Amino acid sequence: MTRGMCCAALTVFLIVGGFFAAQDRAFCESPKPEQGDLQFLRKDGSAAVSITIEIADTPEARIRGLMERWSLPDFHGMLFIFDNPEVQRFWMHNTPLSLDMIFVDENCRILNIAESTTPMSKQTYGSRGPARYVVEVKAGFSKRYGIEEGMRIQWQVRPIK
């Protein structure tokens, strides 16, 4: 290897290494996600149940999701917001809790629900059509509160204190 090639390789290594180090810092030091309140609405428009949500609307927040969480309060969940509706696929890698994944279209209508997912698995769970939103709650939530396909969601963001 010539001296010029060695310097070029070292420069690439430093640039790439710095890029990944910056990404790791951004992943670990990301700000607290926005929070809000989300309601599940029956077909007549009445509220079936309300939960507090964390909002995952950036690529980093969507990747992290509820991974490595060992507990989740009953009336708490995460709302994933995607830029465009498309078939969404989720897995439970590094997620020790069983969850219900509620797939929602761009009109806020529930498409389908993956109930009681398998923790720490690479099994994928997907929407049955283009979804713009996914709500994750503790396993069994959907059955306990009568959440079903065709219902709608609505939410309101509140400022972080």
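FYI, it's all coordinate maths here, none of it is from the lab. Treat the numbers as computed from the prediction; the structure is a model and nothing was measured. Cβ coordinates were reconstructed from backbone atoms using ideal geometry, including for glycine residues, and neighbour counts include every protein chain displayed.
Data for the structure
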item: Potential extension, residue 107-residue 144 segment - 0.36 nm per residue separation minus Cα distance; result: 10.9 nm
item: R0 of 22 Å, Cβ-Cβ distance residue 52-residue 98: FRET efficiency to nearest 0.05; result: 0.65
item: Counted charge near residue 92, where neighbours are those whose Cβ lies closer than 14 Å (Asp, Glu -1; Lys, Arg +1); result: +1
item: Theoretical FRET efficiency, 1/(1+(r/R0)^6), r = Cβ-Cβ of residue 35 and residue 89, R0 41 Å, to 0.05; result: 0.95
item: Segment residue 62-residue 75, extension gain: residue separation times 0.36 nm, minus the distance between their alpha carbons; result: 2.7 nm
item: Estimated D of the stretch 68-155 in µm² per second, where Rh is the Kirkwood radius over Cα pairs and Stokes-Einstein applies at 4 °C, 1.567 mPa s; result: 100
item: Mean Cβ neighbour count within 10 Å, used as a protection proxy, ranking 34-45, 126-137 highest first; result: 126-137, 34-45
